[in-house]
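The numbers here are math on the coordinates, done by the rules we state, and not lab data. This structure is a prediction, so every number in the text was calculated from the model and none was measured.
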Amino acid sequence: MSILVFGHKNPDTDTICSAIAYAELKGKLGKDVKAVRLGEVNEETKFVLNYFKVEKPELIESVSGKEIMLVDHNERTQTADGFEEAKVLELVDHHRISNFNVDEPLYVRMEPVGCTATIILKLFKENNLLPAPTTAGLMLSAIISDTLLFKSPTCTECDVKAGKELAEIAGVNIEEYGLEMLKAGTDLGGKSESELINMDMKIFEVDGSKIGVAQVNTVNEAELLERKEKLLVEINNIIKKEGLKFFIFAITNILSNDSTGIVAGDGNAIIEKAFNEKIDNNLIALKGIVSRKKQIIPPLTKAIQEA
């Protein structure tokens, strides 16, 4: 039976592409590993998979009874159903460690870089291997996505170096391809409110409080803000269903590198303290904020802990 490798629920480009890349690496090292996914792929990831002519991984509902490897996440609120009944063998990630408990020792590779694919390239090279050109293209796409073409504050020199190496292997012009790819990810017109929020939503647990933070990239935030009331209905449904304290839906403009947050729930004081901005009619300006991992979750965590 194949070992399953996967990233978080509501998968993004790094989660999908890193799962595929890690499965390739493990295959080259003699393991029977299969990349799978925990949800539907978004428009950006569809563009990437189509561009490099790669099939999307199989969708799975539960990992109960399976041997598994995790990439691009570790929090229990973001991983697969059946996690407690699975055997976790390995973890490769670039996020904070939180709510992660296992019964047995495992291999863990965590680095404070902008993208999981950057770490996976290091692992290829440490084993004197290189990814196939197509896989290199997927890994490059993951780095472009997670670092917003090297403009995000999460981006490190390691990510830039890895991106250049992978572009050479893949035979891709980073700037041209990267802009085309990011633009493809902002095509949101045909999405329902539920689809917009669930495209890239994560639930975090901080000091016993569960909070939700979803994010979309756009070049026209006004178009999405026109749908605010309908989005709030959907957000409040999620708050009720998941038992969340509050929810922020961050709409990020990839041209201006600013975000606007649609806020709901019982957390206005915490959110205002975290970002030193007032919430007005369920909206908060998040100037210069593009990264959930580095610019949204840390100040919210601090504000909750100090409340």
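Please enumerate, by chain and number, the lysines with C-alpha under 19 Å from the C-alpha of K164, excluding those fewer than 8 residues away in the same chain.
Cα-Cα hits under 19 Å: K122, K125, K151.
Which links in K31/K161; K210/K241; K46/K191; K245/K302 stretch past 19 Å when you go from one Cα to the other?
The answer is K31/K161.
Using the alpha-carbon centroid of each, what span in Å lies between the stretch 180-212 and the stretch 86-131?
Computed from Cα coordinates, the inter-centre distance equals 24 Å.
Would you please give the residues with an amide H less than 5 Å from that of R37, counting only those at least 5 places away or on a separate chain, with H modeled from the backbone geometry?
Under 5 Å from the amide H of R37: E58, L59, I60.
At 222 nm, what helix-only mean residue ellipticity would the chain give, in deg cm²/dmol to the nearest 500, using -39500 (n - 2.57) for each DSSP H run of four or more?
Computed ellipticity for the chain at 222 nm equals -12000 deg cm²/dmol.
Would you mind checking which residues have amide H under 5 Å from K210's amide H? H placed 1.01 Å from N; only 5 or more apart, or other chain.
K245
Here are some values of Cα Rg over 2.2 N^0.38 Å: [x] 0.96; [y] 0.92; [z] 1.27. Which one was computed from this structure?
Computing Cα Rg over 2.2 N^0.38 Å and matching it to [x] 0.96; [y] 0.92; [z] 1.27 gives [x].
Please state the relative contact order of the chain as a whole percent: Cα pairs under 8 Å, 6+ residues apart?
Details: 608 pairs, mean separation 42.7, N = 307.
About 14 percent, as a whole number.
In the stretch 193-306, what % of DSSP beta bridges are antiparallel (nearest 5)?
About 70 percent, rounded to the nearest 5.
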